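What follows is a single structure, written as structure tokens, with notes after it.
The values are calculated or read from the model by the stated rules, or taken from the named source; none is laboratory data. All of these numbers come straight from a predicted model, not from anything done at the bench. Please note: Cβ atoms are built from the backbone with ideal geometry, for glycine as well, and neighbour counts cover all protein chains shown.
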């Protein structure tokens, strides 16, 4: 398997200035080539190429590159990135998609008194992080509720900020250089022409792959270590509270990616301290509400 950064640099070398290729029966010479960049974050285009025929006809190839084995379209999605990818209605899209698998959320244990797979003894769920993928991944995964144009937007980056859309290539701002029009899903290509031959229009790729999937991955407070994996935005979070002297919970799906791990963890820790729960052994029927599923 190739490391993505190395593969990307190798592709850029193959698409160097002066290289020639045949595209739609015309011969082109590359006049501009580089990786679009912006001050914060990244545009959708991984490499930008402008090329001309001998008669002066020009084309722009703005390519988003995915490794063949890659499942992720977007990892560690936050509110800003979700808006850029899904548009102004991003919260409703996430809520509607999550509601389709609400029963799976409800069936999950929220407290683990013993180890379960990779989940450590004494883990208490704070909520679930959000990822976008090209296939189903895990039990808390499903299809994102999008129409074709919205799927194209995700792959092309149409909803990105102006700075990301009008990215810089070799220090020069180029209008819409950060909005991809082609996708490349091929490893170990060895020539300029082989790269060109494997480009697929984003719209054609979406015709063949019309679905985008999401996956929710648990963020847990590990009571034995008093740790959790950072201040991650949560697509669904657990509202922990105390009712009649017992720790109780309610799932909140209505504020996707606006509540983060630190806030939920601080609230949970306050309640655990109040109830004197300091280890998995302290979790007993008398201090946990019957609605909380325990493994």
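Within the stretch 127-142, is even one residue in a loop (DSSP other than H, G, I, E, B) and under 20 Å from residue 254 (Cα atoms)? Even if it seems obvious, please write down each step before you answer.
Step one: filter the stretch 127-142 for residues in a loop (DSSP other than H, G, I, E, B), giving 134-140.
Subsequent filtering for residues that are under 20 Å from residue 254 (Cα atoms) retains 140.
Yes, the stretch 127-142 contains a residue that is in a loop (DSSP other than H, G, I, E, B) and under 20 Å from residue 254 (Cα atoms).
Scan the stretch 143-163 residue by residue and report those that are part of a helix (DSSP H, G or I) and either touching a residue at least 40 places away in the same chain (Cβ under 8 Å) or crowded, with 22+ Cβ neighbours inside 10 Å (or both). Walk me through it before giving the result.
Restricting attention to the stretch 143-163, the residues satisfying the condition of being part of a helix (DSSP H, G or I) are 148-156, 162-163.
Answer for the stretch 143-163, where residues must be part of a helix (DSSP H, G or I) and either touching a residue at least 40 places away in the same chain (Cβ under 8 Å) or crowded, with 22+ Cβ neighbours inside 10 Å (or both): 148, 150, 151, 152, 153, 154, 155, 156, 163.
Can you tell which of 251, 234 is at pLDDT 95 or above, crowded, with 22+ Cβ neighbours inside 10 Å, closer than 30 Å to residue 81 by Cα and in the same structural domain as residue 128 (by TED's automatic domain parsing)? Before the answer, list the steps.
Working: 251 fails: crowded, with 22+ Cβ neighbours inside 10 Å.
The unique qualifying residue is 234.
Could you say whether any residue in the stretch 132-139 is in the same structural domain as residue 91 (by TED's automatic domain parsing), closer than 19 Å to residue 74 by Cα, surrounded by fewer than 17 Cβ atoms within 10 Å (Cβ to Cβ) and touching a helix residue (DSSP H, G or I) at 6+ places or on another chain (Cβ under 9 Å)?
yes
Criterion first (at pLDDT 95 or above and in a helix (DSSP H, G or I)) does residue 96 satisfy it?
Numbers: at pLDDT 95 or above: yes; in a helix (DSSP H, G or I): yes.
Yes, satisfied.
So, of the residues in the stretch 264-277 that are farther than 23 Å from residue 93 by Cβ and surrounded by 14 or more Cβ atoms within 10 Å (Cβ to Cβ), which turns out to be nearest to the chain's Cα centre (by Cα)?
As a first pass, look at the stretch 264-277 and keep what is farther than 23 Å from residue 93 by Cβ: 265-277.
With surrounded by 14 or more Cβ atoms within 10 Å (Cβ to Cβ) added as a condition, the list becomes 265, 267-269, 271-272, 275, 277.
On the way: 265: 23, 267: 27, 268: 27, 269: 29, 271: 32, 272: 32, 275: 37, 277: 35 Å.
That would be 265.
Test of understanding: among 277, 242, 195, which residue is touching a helix residue (DSSP H, G or I) at 6+ places or on another chain (Cβ under 7 Å) and assigned by TED's automatic domain parsing to the domain that holds residue 78? Break it down stepwise before answering.
Details: 277 fails: touching a helix residue (DSSP H, G or I) at 6+ places or on another chain (Cβ under 7 Å); 195 fails: assigned by TED's automatic domain parsing to the domain that holds residue 78.
Result: 242 is the single residue among 277, 242, 195 that is touching a helix residue (DSSP H, G or I) at 6+ places or on another chain (Cβ under 7 Å) and assigned by TED's automatic domain parsing to the domain that holds residue 78.
Go through the stretch 1-87 and tell me which strands (runs of 3 or more DSSP E), entirely inside it, have 2 or more residues that are exposed (fewer than 15 other Cβ atoms within 10 Å of the Cβ) and touching a residue at least 24 places away in the same chain (Cβ under 8 Å). So that I can check it myself, show each step before the final result.
Details: elements: 20-23, 26-34, 47-52, 58-65, 72-74.
It comes to 20-23, 26-34, 58-65.
It is to be established whether one or more residues within the stretch 204-222 are farther than 22 Å from residue 93 by Cβ and in contact with a helix residue (DSSP H, G or I) (Cβ under 9 Å, 6 or more places away or on another chain).
yes
Conditions (1) farther than 18 Å from residue 216 by Cβ; (2) touching a strand residue (DSSP E or B) at 6+ places or on another chain (Cβ under 6 Å), marked per residue:
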| position | (1), (2) |
| --- | --- |
| 236 | no, yes |
| 247 | yes, yes |
| 255 | no, no |
| 261 | no, yes |
| 269 | yes, no |
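For the subset of the stretch 175-192 comprising residues that are in a loop (DSSP other than H, G, I, E, B) and in contact with a strand residue (DSSP E or B) (Cβ under 7 Å, 6 or more places away or on another chain), which member is surrounded by the fewest Cβ atoms within 10 Å (Cβ to Cβ)? Even if it seems obvious, please write down each step before you answer.
From the stretch 175-192, those in a loop (DSSP other than H, G, I, E, B) are 175-181, 185-191; that's our starting set.
Cutting the leftovers down to in contact with a strand residue (DSSP E or B) (Cβ under 7 Å, 6 or more places away or on another chain) gives us 177, 179-181.
On the way: 177: 25, 179: 23, 180: 26, 181: 19.
Out of the qualifying residues, it is 181.
Sort through 230, 245 and tell me the only one that's at positive phi and over 24 Å from the mean Cα position of the chain (by Cα). If you could, list the steps in order and put the result at the bottom.
On the way: 230 fails: over 24 Å from the mean Cα position of the chain (by Cα).
The conditions single out 245.
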